[in-house]
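Beneath this line is the structure, given in structure tokens, with notes to follow.
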Amino acid sequence: MCGTTHIFGKHFRLTKKSHVTFGFERPCLWYHGAQSSSFLGHSYILRERSLRVEAGWFFKGGDQRLDASSEHSESANVDILIFFFQLDLATQVQRALNLEEYGTAQQLRNKLSELETEVIKQQEARRGSTSKSEAQDIAISILRRRADLQNAIQGENYALAAEIRDEISNLEAESLVHSAKAQLYENAQYAFRLGQKVRHKMFGYRGVVCGMDPFCCESSSWKEISHVEKLSRGADQPFYQVLVDVVANPNILVAYVPEEKLLAPDEPDMEMFDHPYISFLFYGMDAAGDFIPIKQLREKYNKPRHEVPYDPPEENGEDA
């Protein structure tokens, strides 16, 4: 499974019979599992082989039309894989406690804490979760520098005062950026929800929403390759992590798609949807054909459980 994010490399012994190694190296996340790894009671068999998914950016002819792989996201795939490891480690901690293997449970709990710390750092860097605190820190710096400016003016050091004034202007502009980003993240409105089946307007493939950001959180190189600047709503619109049906398109595991390119089906989509991550992220399908996200996934994005409206059958030939 590929990824571009530099995080860390760890060795996790999840059970006595399984040894999983994973880490992050440029340009991909490497993963090797020799045995079965369990996530929330599901058994996912990892064959003894290396599985590598590459992103390919294809342009056809001179018109440079985008291929579906231009929206493939290695970082989104990495984000999901780390989420899998969190679930599995939490499950292994509980298993060790149930078996009264307290030493093993403590080791696993320590590894889980390390992983959660790294996840928080990555989320802050990727989604701007620290924008509000950064804006507050900058505001404090502005107050201090204004005091320095007043002292420089009183001391008739006008050259220093001019430098401090320019620094304050730059800090104020930076503060506005962080404040706007934090406000956008807190007030984001999404047209699609976790587990909802969607279809891509341009490429036509079926997908399932498994994550969301209030704006594009990808790298500048990804934005350039995906022509984000040409979108009618630009980068400041919701972007979704979308699982792509591997039967229709086996080369893209996870796409990162702007809201304006997605459609919800007009009728319930009850057709089979094939993807290796479905059984880990969702309980199953609801009556409308969408998938029901597991509790941990809803908590990750702070989303409530979606309830499908119930239409009772009509009674024929009888008056109420």
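The values are calculated or read from the model by the stated rules, or taken from the named source; none is laboratory data. This structure is a prediction, so every number in the text was calculated from the model and none was measured. Counting neighbours? That spans all protein chains shown, and the Cβs are built from the backbone with ideal geometry, glycine included. Accessible surface is based on the protein model in full, side chains and every heavy atom, while ligands, DNA and RNA are left aside. Shrake-Rupley method; radii C 1.70, N 1.55, O 1.52, S 1.80 Å.
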In region 231-315, GluC sites (Glu not before Pro) in a DSSP loop with at most 14 other beta-carbon atoms within 10 Å
Glu271, Glu307, Glu314, Glu315
With 25 Å as the limit, write out which pairs from Lys261/Lys303; Lys223/Lys303; Lys230/Lys295; Lys121/Lys197 have Cα-Cα distances beyond it, or answer none.
Lys223/Lys303; Lys230/Lys295; Lys121/Lys197
So if I take the alpha carbon set of region 196-301, get Rg, then get Rh from the Kirkwood formula, what is the Rg over Rh ratio?
0.96
Selection from Gly207, Pro268, Phe291 lying farthest towards where the dipole of region 194-320 points positive, charges on Cβ
Gly207
For region 192-242, dividing by residue count, accessible area per residue (probe 1.4 Å) in Å² works out to 37
Could you state how much accessible area Ile168 has, in square angstrom rounded to the nearest 10, with a 1.4 Å probe and all protein chains kept in place?
10
Show Lys201, Lys111 ordered by accessible area, largest first, where the area counts protein heavy atoms only and the probe is 1.4 Å.
Lys201, Lys111
